[in-house]
Amino acid sequence: QVQLVESGGGLVQAGGSLRLSCAASGGTFSSYTMGWFRQAPGKERDFVAAIYWYGGSAYDPESVNRRFTSSRDNAKKTVYLQMNSLKPADTDVYYCAAYTLDFGSDRVGSYGYWGQGTQVTVSS
């Protein structure tokens, strides 16, 4: 069983930056690929980024466009999402998740453990 807690969300002006954190407990963190997703009210949860257990990463090209970077610190059992050049369209609840089923790192169904989410609001 893995528990995930996100933090670092908040209100920021367009063009600003935020760094989200996701702290894990339980399980063997270093062996998990971790994902970041975003969700607006009434919409599906969308893939943002994944950071693999070995340190590689993948990003959604359409929404991120090299503005976001994910990293991990296995000693701290924490993954991060650095978000730069934020836009009002980036306003969403952001979730981290642990990859448990091999359906693809960009698929919601691949992740068996989820955090509670953290709100990111970007003002224009």
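The values are calculated or read from the model by the stated rules, or taken from the named source; none is laboratory data. Keep in mind that this is a model prediction, so the values were computed, not measured. Don't worry about glycine lacking a Cβ; one is built from the backbone with ideal geometry, like all the others, and counts go over all protein chains shown. These accessible areas exclude ligands, DNA and RNA; they are computed on the full protein's heavy atoms, side chains included. Shrake-Rupley method; radii C 1.70, N 1.55, O 1.52, S 1.80 Å.
Could you look at the chain and say what percent of its accessible area is carbon and sulfur, using a 1.4 Å probe and all protein chains? C and S fraction of accessible area: 48 percent.
Considering only Gly27, Gly112, Gly42, give the residue with the highest GNM mean-square fluctuation for the chain, with springs between Cα atoms whenever their separation is below 10 Å. Result: Gly42 has the largest fluctuation of those listed.
As a length-normalised measure over Cα pairs under 8 Å and 6 or more apart, the relative contact order of the chain settles at 35 percent. Using θ = phi - 60° and the Karplus relation 6.51 cos²θ - 1.76 cosθ + 1.60, list the HN-Hα couplings for the stretch 75-92 in order, rounded to whole Hz, with x at every Gly or Pro. Coupling constants for the stretch 75-92: 5, 9, 6, 9, 10, 10, 10, 8, 10, 10, 6, 5, 10, x, 5, 7, 5, 5 Hz. Its DSSP H runs of at least 4 residues, each contributing -39,500 (n - 2.57), put the calculated 222 nm mean residue ellipticity of the chain at -500 deg cm²/dmol, to the nearest 500.
With each label modelled as a point 7 angstrom along the Cα→C-beta vector, the Glu44-Asp73 pair spans 3.5 nm. Kirkwood Rh, Cα Rg: Rg to Rh for the chain? Checking Rg against Rh, the ratio lands at 0.94. Counting heavy atoms of the protein chains only and a 1.4 Å probe, report the per residue accessible area for the chain as a whole number of Å². Averaged over the residues of the chain, the accessible area is 51 Å².
Modelled spin-label separation between Arg66 and Tyr54, with each label point placed 7 Å from Cα along the Cα-to-Cβ direction: 2.5 nm. When the chain is treated as a Gaussian network with alpha carbon springs shorter than 10 Å, the biggest mean-square fluctuation among Lys77, Lys43, Lys87 belongs to Lys43. Put a dot 7 Å past the Cα of Ser7, heading toward its Cβ, do the same for Lys87, and the two dots end up 3.1 nm apart. By definition, a body whose alpha carbon gyration tensor gives a ≥ b ≥ c is prolate when a/c is 1.5 or more and a/b is larger than b/c, and the stretch 63-123 fits this prolate description.
For the pair Asp106 and Arg19, the difference between a 0.36 nm per residue extended length and the Cα-Cα distance amounts to 29.3 nm.
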